[in-house]
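Visitor: For reference, the structure I am asking about is given below.
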Amino acid sequence: MTKPGPLLAWFYRAPSVLYRARLGWLLGGRFLMLTAVGRTTGEPRRTVVEVARRAGRDPGSPPVLWVVASRGPRTDWYRNAVTNPRVRVDWRSRRYAANARPLDEDERVELLADYQRRHPRAAAMLGSAALDASFTADHDALRRLAHELRALRLDPASTDVAPPR
């Protein structure tokens, strides 16, 4: 999958305005804004991505969230978070520090299978965008897709203040 053109890139970045205004809750729990330190610039870099899975703790604690980099290892935000794993997450009305951990291929297969079961239409679009192929529950197809994509697990950090500002 190639980088989007300028118009599409602007459209993709528009939700970050809501998060910066602390209105991310308007987008529901399906998206988050990830702030990571740029691997070459050292500057904060923000992007809004879809939440592929979430695991709640108690209601007062931030959840563990999983996100998928649909452009695979070339995805800038993914590369930034892998290089500098201490990130900030804005999800719903919460802002918290998290530690980003890349998933191995087996974990990505399991995540994609779960995502496909819960969101079949979105999964079909992900498969066609990443592989130009349908995204099915077939194990071999999931393995091919998991080989191409990358994903992160975002574990809440012990403090609520994230370094990227």
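The values are calculated or read from the model by the stated rules, or taken from the named source; none is laboratory data. This one's a predicted model, so the numbers in the text were calculated from it and none came from an experiment. Positions of Cβ are generated from backbone atoms using ideal geometry, with glycine treated the same way; all protein chains shown enter the neighbour counts. For accessibility, only protein heavy atoms count, side chains too; no ligands or nucleic acids. Shrake-Rupley method; radii C 1.70, N 1.55, O 1.52, S 1.80 Å.
Visitor: To the nearest 0.05, how large is the calculated FRET efficiency for Arg121 and His147 if R₀ is 30 Å and r is the Cβ-Cβ distance?
Guide: Efficiency at R0 = 30 Å is approximately 0.85.
Visitor: Which angle between 0 and 90 degrees, to the nearest 10, do you get for helix 105-118 versus the longest principal axis of the chain when only C-alpha atoms count?
Guide: Compared with the principal axis, the helix lies near 90 degrees.
Visitor: Using only Cα atoms, find the angle between the long axis of helix 120-131 and the longest principal axis of the chain, and express it within 0 to 90 degrees, rounded to the nearest 10.
Guide: Here the helix axis deviates by roughly 80 degrees.
Visitor: Quick check: at a probe of 1.4 Å, how many percent of the accessible area of the range 1-91 sits on carbon and sulfur atoms?
Guide: 59
Visitor: Between Arg74 and Leu23, what is the label-point separation in nm under the 7 Å Cα-to-beta-carbon projection?
Guide: Once both label points are built, they end up 3.5 nm from each other.
Visitor: Charges at C-beta only: +1 for Lys and Arg, -1 for Asp and Glu. How large is the resulting dipole of the chain about its Cα centre, in Debye rounded to 20?
Guide: That gives the chain a dipole magnitude of about 700 debye.
Visitor: Is the C-alpha gyration tensor of the range 1-124 telling us rounded, prolate or oblate? Criteria: a/c under 1.5 is rounded; beyond that, a/b larger than b/c is prolate, otherwise oblate.
Guide: Taking the square roots of the gyration eigenvalues as a ≥ b ≥ c, the range 1-124 is rounded.
Visitor: Then there's this: Can you give the relative contact order of the chain as a percent, counting alpha carbon pairs under 8 Å and 6+ residues apart?
Guide: Normalised by residue count, the contact order of the chain is 26 percent.
Visitor: Sticking with this one: When a/c reaches 1.5 or more, the comparison of a/b and b/c decides; with that in mind, is the range 55-126 rounded, prolate or oblate per its Cα gyration tensor?
Guide: Verdict is oblate for the range 55-126.
Visitor: Among Ala141, Ala151, Ala122, which one shows the highest mean-square fluctuation when the chain is modelled as a Gaussian network with alpha-carbon springs under 10 Å?
Guide: Checking each option, the largest mean-square fluctuation is seen for Ala122.
Visitor: Then there is this: Considering the zone a paramagnetic label at Glu110 would reach in this model (a point 7 Å from Cα along the Cα-to-Cβ line), which residues of the range 28-68 have amide N under 17 Å from it?
Guide: Under 17 Å, as judged by backbone N against the label point of Glu110, lie 52-56, 64-68 of the range 28-68.
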